[in-house]
Amino acid sequence: MNGNLKYVKNLQVLRPENEPGLVSISASGIVELTKLYRPVLSPKQYDKPPEDGILELEFLLLPAEEGISDIEMEVNIVFKVKDLPPWVKGLKVNASENSDIELI
């Protein structure tokens, strides 16, 4: 994988009325993975119990022990931008094998 998504599947640009100048960009696409990962919740190790009684967990993505695989997975992102330059009429999202344009 070269860091880019393989395909852009969906692109949506929203301008919330209650927040002038804010643009919310939602995109989904397909990524090709050559290595497997597994999500884990790892408890923090304490020398003594915390006073507030709250156990902290780290949310991690670790390489799986199975090794290499060929997997395609859909991923989603929401990116918020405040005050785009006035010349911007649309947004283009590029992937390795396609792109998508949304006019705003």
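The values are calculated or read from the model by the stated rules, or taken from the named source; none is laboratory data. Only a predicted model underlies this, so the values are computations on that prediction, with no experimental measurement involved. Methodologically, a virtual Cβ is constructed for each residue, glycine included, from the backbone with ideal geometry; neighbour enumeration extends over all protein chains shown.
Please go through the stretch 29-49 and pick out each residue that is exposed (fewer than 10 other Cβ atoms within 10 Å of the Cβ) and closer than 30 Å to Asn94 by Cβ.
Result: Pro39, single match.
Can you say whether Leu55 is touching a Pro at 6+ places or on another chain (Cβ under 8 Å), surrounded by fewer than 11 Cβ atoms within 10 Å (Cβ to Cβ) and either over 25 Å from Lys6 (Cβ atoms) or at pLDDT 90 or above (or both), as far as the supplied structure shows?
When the stated conditions are applied, Leu55 passes them.
Evaluate the stretch 78-90: report whether one residue or more is touching a Ser or Thr at 6+ places or on another chain (Cβ under 9 Å), at negative phi and of a type in the set (Phe, Trp, Tyr).
Yes: the stretch 78-90 contains one or more residues that are touching a Ser or Thr at 6+ places or on another chain (Cβ under 9 Å), at negative phi and of a type in the set (Phe, Trp, Tyr).
Of all residues in the stretch 76-91, which are more than 17 Å from the chain's Cα centre (by Cα) and of a type in the set (D, E, K, R)?
Lys82, Asp83, Lys89
Residue-by-condition table, conditions (1) more than 14 Å from the chain's Cα centre (by Cα); (2) modelled with pLDDT of 80 or more; (3) at positive phi:
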{"position": "Leu5", "(1), (2), (3)": "no, yes, no"}
{"position": "Leu14", "(1), (2), (3)": "yes, yes, no"}
{"position": "Ser24", "(1), (2), (3)": "no, yes, no"}
{"position": "Ala27", "(1), (2), (3)": "no, yes, no"}
{"position": "Val31", "(1), (2), (3)": "no, yes, no"}
{"position": "Pro50", "(1), (2), (3)": "yes, yes, no"}
{"position": "Ile68", "(1), (2), (3)": "yes, no, no"}
{"position": "Glu74", "(1), (2), (3)": "no, yes, no"}
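For the stretch 60-104, enumerate the residues that are outside any strand (DSSP E or B) and exposed (fewer than 10 other Cβ atoms within 10 Å of the Cβ).
Answer for the stretch 60-104, where residues must be outside any strand (DSSP E or B) and exposed (fewer than 10 other Cβ atoms within 10 Å of the Cβ): Asp83, Pro85, Pro86, Trp87, Lys89.
Just to be sure before I move on: is Glu32 of a type outside the set (Phe, Trp, Tyr), part of a strand (DSSP E or B) and farther than 29 Å from Asn10 by Cβ in the structure I sent?
Here the answer is no, as Glu32 does not meet what is asked.
Name the residues in the stretch 12-35 that are free of Cβ contacts under 8 Å to residues at least 40 places away in the same chain and of a type in the set (A, V, I, L, M, F, W, C), would you?
Leu14
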